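The values are calculated or read from the model by the stated rules, or taken from the named source; none is laboratory data. If you're wondering where the values come from, they're calculated on a predicted model, not measured in any experiment. Using ideal geometry, Cβ is built from the backbone for each residue, glycine included, and neighbour counts are taken over all protein chains shown.
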Amino acid sequence: MYTIGQVGNFLGVSRETLKYYEEKELVKPKYDNENGYRKYNAYDIHDVITTNFYRELDIEIKKIQEIRQCKSVDDLEFLLVEQEAKILEELAYKKRLLKKINSVKEDYCKIKEHLGEFTVKEMEPIEVKGELTEYAAYDEYEIIRNSTDSLKKAVTLTSARRVIHFDEEGIKKERFIVVREIEDTDNSLKGEVLSHSKCIYTVIEDGRFVNGEKNIDHEVGQSLLKVAQEKGYKLIGTAYINILLTTYENGLERVFLEMYAPIKQ
């Protein structure tokens with residue numbers, strides 16, 4: 001017979017873990033009536049080893065309790081198949097999460113490279129999934145939830161685009177569209193597809209940290225028109241703006257936006 005300390009040393013398991021296994025009735029050591037110490041025999045030690053085995057497969061304690069009640073190997077097979085499906089689902093989620101993180105890292109690189117700079121760049125195709133009457137039409141945000149690639153299916157604005165129609169006198173009208181980026185192998189397109197092979201592109205910083213609550217539309221518009229005139233580009237009078245990243249400094253938001261302004265071919 002062995003003490004809890006000896007078993008912990010043999011198996012590399014903490015006292016707390018052994019007590020937890022005991023609480024969940026996965027191991028049932030004997031008690032020494034004279035001193036109240038736990039005593040583990042060879043069967044008890046095997047139960048701990050077996051529990052550790054299933055924990056290494058990331059099987060929950062509740063499921064291990066079910067395994068203890070299995071009446072046949074077939075019952076165990078079902079639990080293993082169930083665990084396999086769970087892990088495959090988690091792997092798929094982690095793969096999507098890594099893709100999302102890499103996308104945000106790419107957006108960060110865009111900020112570092114293009115903030116305040118004007119270059120010529122392609123606006124890659126996007127599919128229009130719907131439209132909002134305005135940015136603050138919160139009761140219409142269901143369309144964002146239904147169309148978003150958010151992993152948690154909660155509202156984010158990464159799929160929203162502000163579309164501005166303008167001329168030299170200023171903004172004539174604007175609208176907010178909900179879009180989805182198109183994959184190369186995507187054959188499920190249903191909505192309007194927007195793409196422009198040549199645009200004036202820039203990254204803009206907005207938000208209360210840099211601008212207070214000032215509207216910067218006029219300032220950005222004047223800069224865009226000036227660049228187009230200097231470079232000899234003719235704008236079609238439309239600009240697409242979306243949020244790349246929002247962060248905070250001193251509790252105030254810093255919002256980084258990217259803008260595509262298509263050029264006439």
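Counting the residues of the stretch 91-114 that are closer than 21 Å to residue 55 by Cα and surrounded by 12 or more Cβ atoms within 10 Å (Cβ to Cβ) gives 0.
In this entry, residue 119 passes the filter for residues that are over 30 Å from residue 54 (Cβ atoms), touching a strand residue (DSSP E or B) at 6+ places or on another chain (Cβ under 8 Å) and of a type in the set (Val, Ile, Thr). If you take the residues in the stretch 216-265 that are surrounded by 14 or more Cβ atoms within 10 Å (Cβ to Cβ) and among the aromatic types (Phe, Trp, Tyr), which one is farthest from the chain's Cα centre (by Cα)? Restricting to residues being surrounded by 14 or more Cβ atoms within 10 Å (Cβ to Cβ) and among the aromatic types (Phe, Trp, Tyr), the top hit is 233. When restricted to residues that are in contact with a strand residue (DSSP E or B) (Cβ under 7 Å, 6 or more places away or on another chain) and either modelled with pLDDT of 95 or more or in a loop (DSSP other than H, G, I, E, B) (or both), the stretch 207-223 contains 2. Could you check the stretch 195-221 and list, in sequence order, the residues that are within 15 Å of residue 236 (Cα to Cα) and either among the small types (Gly, Ala, Ser) or out of contact with any Lys or Arg (no Cβ under 7 Å at 6 or more places or on another chain) (or both)? Residues satisfying the conditions are 195, 196, 197, 198, 200, 221. Considering the stretch 131-142, the residues that are surrounded by fewer than 17 Cβ atoms within 10 Å (Cβ to Cβ) and either outside any helix (DSSP H, G or I) or of a type in the set (A, V, I, L, M) (or both) include one that is modelled with the highest pLDDT, namely 131.
If you go through the stretch 207-265 and keep only what is among the aromatic types (Phe, Trp, Tyr), out of contact with any Cys (no Cβ under 7 Å at 6 or more places or on another chain) and under 27 Å from residue 104 (Cβ atoms), you end up with 209, 240, 248, 256.
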